[in-house]
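Structure first, then comments.
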Amino acid sequence: MNDTKPQTQPEPEKKDAGKIFLEEVTAGPPKHLPRWKRRLQSAAVPLLAIFTGLVMGGVIIALTSEEVWQAFGVSFLEGLKAAWQSVAAAYSALLKGAFGSPSQIMAALASGDPKQIYVAIYPFTESLLATIPYIFAGLAVALGFRSGLFNIGAEGQIFLGAIFAAFVGYSLTGLPMILHIPLAFLAGALGGGLWGFIPGWLKAKTGGHEVINTIMMNYIAFRLSDWLLTGPMKRPGSFNPISPTIMDSAMLPKFFGDPVRLHGGIIIALGMAWLVNWFLFKTKWGFNLRTSGTNPRAAKYAGINVPNSIILAMFLSGALAGMAGGNEVLGVNYNLAMAFSSGYGFDAIAIALLANSQPLGVVLAALLFGFLRNGATNMMLQTGIPIDIISVIQAFILVFVAAPAIIRTIYRLKKPAEAEEAVVAPSWGGG
Amino acid sequence: MAPILELRGITKRFPGVLANDHIDLTLEQGEVHALLGENGAGKTTLMNILYGLYQPDEGEIVVRGQPIKVHSPRDAIAAGIGMVHQHFMLVPVFTVTENVMLGDEETRRGGFLDRRVAAEKIRQISEQFKLEVDPDTYVRDLPVGVQQRVEIIKLLYRQADILILDEPTAVLTPQEADELAKIMRSLVEQGKSIIFITHKLREVMEISDRITVIRRGKVVGASTPEQADQKKLAEMMVGRAVVLEVEKEIAQVGETVLNVENLVVLDERHQVAVDDISFEVMQGEVLGIAGVQGNGQTELVEALTGLRPTQAGSIRISGKEIAKATPRQITELGCAHVPEDRQRDGLVLSFPISDNLVLNTYYQPPFSKGPNLQEGSILALANKLIKEFDIRTPGPKVTAGSLSGGNQQKVIVAREFSRPIKLLVASQPTRGLDVGSVEYIHRRIIEKRDEGCAVLLASSELDEVMQLSDRIAVMYRGKIVDVLPADQATKEGIGLLMAGVHPETVEATSSD
């Protein structure tokens with residue numbers, strides 16, 4: 001009688017770290033609270049994380065300044081003063097670089113000379129310009145998270161998007177703008193989508209983990225673009241690995257005159273944020289993806305084709321990342337050069353995390369990253385503090401978002417009500 | 001002699017809930033004291049206080065006449081109190097010895113682990129209390145029942161003599177539960193004392209020496225198995241008269257709905273799990289599938305609902321072949337499925353109740369229009385079903401994961417029963433639920449039967465199968481050994497069939 005098969009008893013649900021992580025980054029505040037309270041609750045940790053990240057960045061700026069150390073050598077008070085000064089100088093240069101100088105903008109507006117106005121608002125528009133690819137790539141990673149997938153391959157998908165968009169941009173001639181821009185942009189989406197589709201298909205059919213495969217696909221994408229730029233896509237007559245310039249008809253239109261480079265891509269990016277939000281949370285297709293991502297077994301039970309959902313999610317995620325690449329080619333660079341993307345796809349992971357994988361949150365987080373990145377250039381010029389400090393600040397913000405307990409402890413925040421219930425439930429509900 | 005453990009006036013408040021309200025409890029040395037109550041009555045909270053996981057707002061804990069403060073499980077263990085949780089706290093890739101040593105390591109000079117001494121100690125404990133655990137096997141290779149014994153050894157190794165067992169039988173087969181009962185006996189005979197938390201009446205009657213019933217955080221009665229009967233205990237527990245027997249009319253049997261012929265299904269390891277079986281379920285009847293867990297019931301149900309591919313044979317619903325159909329096609333044919341593991345298969349715990357209530361109909365009108373989900377219709381349905389099926393929740397937007405087990409099952413039952421269905425496949429529909437919820441779900445199933453639905457009920461609770469079914473099929477090693485009308489079935493007869501012993505062929509198989 002003891003030879004019946006091994007037990008198939010219900011075990012406590014086994015969660016791997018990835019699963020717990022995904023739940024954490026997609027969990028929302030309890031739904032029964034009033035809307036504004038929910039908003040506030042879900043924004044509290046990210047906002048405080050940003051603040052704390054900036055404070056930590058300030059500490060590092062102070063500690064790495066030779067003058068501050070010298071001042072500390074004189075007296076503690078002098079040291080503090082010098083520290084304060086160096087941080088204040090750094091951050092004010094950062095703000096100025098990100099937003100422009102208010103007095104200059106006011107003066108330019110008063111003069112009414114468009115040229116002057118453009119120069120004055122230039123820093124602000126440059127920040128917005130840097131935000132655009134972050135929005136696309138952040139949406140890509142967020143859509144993946146919501147579908148239970150870690151798309152670490154946004155960077156490679158960006159390259160593919162850029163390659164496709166550039167090719168359509170320079171090789172098709174004689175098209176009107178109204179056709180050429182959408183065609184080139186969609187080609188970018190297709191290229192990224194294809195690069196997402198492959199690891200998606202591998203996961204659905206063979207179970208190969210998307211984290212590994214998307215990382216590997218990144219390397220293939222980098223080398224593929226290197227090869228194309230030294231071979232088939234190389235600009236004729238050029239010694240540099242750079243593609244031909246795209247046709248005028250494929251260039252995204254600009255809003256203002258020189259030197260302002262801000263272009264129509266920002267409207268597409270905001271439109272995509274709205275579209276992704278609608279798709280994920282308001283449509284049955286989004287329901288498919290979210291259910292498959294959250295509980296594949298229940299999704300199968302509910303009649304959802306889980307492998308197809310995985311493939312679709314990876315394709316769409318890749319397509320969004322591809323748009324970031326297309327956007328850079330069609331709106332900023334007008335050609336494809338080696339290593340044109342400086343890690344947008346990796347920063348996008350941080351953006352999606354900071355945004356709790358909410359499309360609106362992605363826009364806000366992308367703005368933060370865009371303004372930080374752009375402002376840091378000015379900070380480096382003005383104060384000599386290396387631009388890399390921004391990466392440190394971003395990393396701090398991420399740590400605090402990923403480990404919300406730190407923030408809750410520092411600021412004595414209460415845990416979200418539902419989390420508290422969940423702690424209590426096993427005691428009086430699990431008996 | 002003073003009682004070994006006394007709880008005096010223990011009170012614990014959670015926001016909005018009085019989980020324990022001045023609870024008094026005494027545990028004598030050498031007894032099994034059952035703590036009986038429904039889910040949410042406050043049993044586990046009380047034990048978590050005793051174990052130092054929560055601090056009481058009022059009251060005191062007295063061990064061997066000494067009042068003590070328990071701030072952490074460490075304090076509890078120091079006072080000789082040990083607890084086996086419902087969900088085991090074992091490291092699967094460690095051996096039994098390593099698991100037992102964890103946190104209380106036996107070391108040689110220089111801080112090296114001394115596994116041999118520890119293993120020897122475990123062997124002794126295992127022998128003394130007839131636990132039959134090999135210290136050198138890996139925990140992941142052990143069946144659940146043995147893993148539980150490893151948990152018990154962990155406590156004995158730390159010289160606990162007050163053992164708290166939290167719903168120990170919830171994860172066990174009937175056989176394993178019987179073995180556990182023997183082990184508990186042997187433990188108390190050798191001077192240990194046990195608090196046994198449960199909501200299963202039969203076990204209380206069989207195992208315990210004394211019984212304390214709590215309801216809504218209060219002690220509502222104390223008794224002994226000799227004085228009490230199941231009905232009285234159930235009433236104390238629920239607070240009203242309970243129908244333990246399911247009342248039902250004679251089945252009005254109609255046409256065949258489900259027809260299974262020569263079905264073969266494989267399990268994960270590509271072994272035959274369902275071995276060439278054939279049966280029918282008619283309109284208006286309940287066919288119960290009895291059997292010890294792991295004899296192919298799970299695979300059968302999964303094959304019927306499209307979750308598992310079939311190897312050979314045919315499955316027809318109202319004449320339509322579905323052996324190769326997808327879960328969605330089967331659902332659309334009017335088949336409802338209450339899955340065995342509600343949290344893993346039946347619900348998306350992080351989704352709101354409203355989304356879970358349309359989990360398999362969300363894509364149809366009125367819940368979708370074109371690609372757009374119709375939030376209004378979904379919420380309207382949710383509000384209606386919450387009322388109709390008495391789901392206890394603050395609202396439809398609360399996540400399914402924050403509900404109690406009974407209410408989670410009600411969400412599934414509401415979703416599946418509120419559709420127009422002609423076949424209901426229910427697998428372990430009341431596993432882990434309290435008496436009140438069990439009664440409720442049984443009544444709903446019989447209601448469906450009386451509406452003319454064909455019901456297939458797979459359950460490892462023999463009582464449940466016998467009470468609900470009109471015919472009972474017994475599965476053993478992937479085969480249906482016999483199908484008999486419920487009024488001719490006896491517990492003993494079915495028990496023998498479940499063990500693979502066919503009454504007519506006793507001689508032939510007795511060597512088994």
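Things worth noting here:
- Output for the range A:298-328, where each listed residue is more than 30 Å from A:Ile266 (Cβ to Cβ) and within 14 Å of another protein chain (Cβ to nearest Cβ): A:Ala298, A:Ala299, A:Lys300, A:Tyr301, A:Ala302, A:Gly303, A:Ile304, A:Asn305, A:Val306, A:Pro307, A:Asn308, A:Ser309
- Per this entry, B:Thr256 is counted among residues that are touching an Asp or Glu at 6+ places or on another chain (Cβ under 9 Å), among the β-branched types (Val, Ile, Thr) and surrounded by fewer than 16 Cβ atoms within 10 Å (Cβ to Cβ).
- Checking A:Leu289, A:Leu275 one by one, the residue that is under 24 Å from B:Gln374 (Cα atoms) and surrounded by 24 or more Cβ atoms within 10 Å (Cβ to Cβ) is A:Leu289 and no other.
- Among the conditions (1) out of contact with any Pro (no Cβ under 7 Å at 6 or more places or on another chain); (2) closer than 26 Å to A:Pro232 by Cα, A:Gly153 misses just one, which is (1).
- Scanning the range B:44-72 for residues that are outside any helix (DSSP H, G or I) and among the hydrophobic types (A, V, I, L, M, F, W, C) yields B:Leu53, B:Ile61, B:Val62, B:Val63, B:Ile68, B:Val70.
- When A:Arg223 is tested against (1) surrounded by fewer than 17 Cβ atoms within 10 Å (Cβ to Cβ); (2) of a type in the set (D, E, K, R); (3) closer than 25 Å to A:Leu280 by Cα, just one condition goes unmet, and that condition is (3).
- Hey, B:Ala41 part of a strand (DSSP E or B) and outside the structural domain of B:Gly432 (by TED's automatic domain parsing) or not: no
- For beta carbons closer than 6 Å, sequence separation of 6+ or different chains, a first residue in the range B:210-233 that is over 22 Å from B:Ser193 (Cα atoms) and a second that is among the acidic types (Asp, Glu), the qualifying pairs are B:Gly217/B:Asp21; B:Lys218/B:Asp21.
- When the range A:363-417 is limited to residues that are basic (Lys, Arg) and surrounded by 15 or more Cβ atoms within 10 Å (Cβ to Cβ), the one that is nearest to A:Met272 (Cα to Cα) turns out to be A:Arg373.
- Only listed residue being among the acidic types (Asp, Glu), within 14 Å of chain A (Cβ to nearest Cβ) and in contact (Cβ under 8 Å) with a residue 40 or more places away in the chain, chosen from B:Asp161, B:Asp141, B:Asp136, B:Asp166: B:Asp166
- Within the range B:284-360, strands (runs of 3 or more DSSP E) holding 3 or more residues that are of a type in the set (A, V, I, L, M, F, W, C) and within 21 Å of B:Asp482 (Cα to Cα): B:286-290
- Only residues that are surrounded by 15 or more Cβ atoms within 10 Å (Cβ to Cβ) and either in contact with a Pro (Cβ under 9 Å, 6 or more places away or on another chain) or not aliphatic (A, V, I, L, M) (or both) were counted across the range B:51-69, and they come to 9.
- Flag for B:Pro67 being more than 14 Å from chain A (Cβ to nearest Cβ), farther than 29 Å from B:Leu25 by Cα and modelled with pLDDT of 90 or more: no
- Residue within the range B:180-193 that is buried (at least 20 other Cβ atoms within 10 Å of the Cβ), closer than 30 Å to B:Met475 by Cβ and touching a Ser or Thr at 6+ places or on another chain (Cβ under 8 Å) present: yes
- In this entry, A:Pro182 passes the filter for residues that are without any contact (Cβ under 8 Å) to a residue 24 or more places away in the chain and either of a type outside the set (D, E, K, R) or outside any helix (DSSP H, G or I) (or both).
- Residue in the range A:50-63 that is within 30 Å of A:Arg290 (Cβ to Cβ) and either modelled with pLDDT of 85 or more or not small (Gly, Ala, Ser) (or both) present: yes
- Considering residues of the range B:273-308 that are of a type in the set (Val, Ile, Thr) and within 14 Å of another protein chain (Cβ to nearest Cβ) only, the residue farthest from B:Leu462 (Cα to Cα): B:Thr305
- When residues of the range B:389-429 are limited to those that are among the hydroxyl-bearing types (Ser, Thr, Tyr) and part of a loop (DSSP other than H, G, I, E, B), the one farthest from B:Ser350 (Cα to Cα): B:Ser418
- Residue list for the range B:358-396, filter: among the polar types (S, T, N, Q), touching a residue at least 12 places away in the same chain (Cβ under 8 Å) and within 12 Å of chain A (Cβ to nearest Cβ): B:Asn360, B:Thr361, B:Thr393
The values are calculated or read from the model by the stated rules, or taken from the named source; none is laboratory data. Note that the coordinates shown come from a computational prediction; the quantities given were computed from them, not determined experimentally. For neighbour counting, all protein chains shown are included, and Cβ atoms are generated from backbone atoms with ideal geometry for every residue, glycine included.
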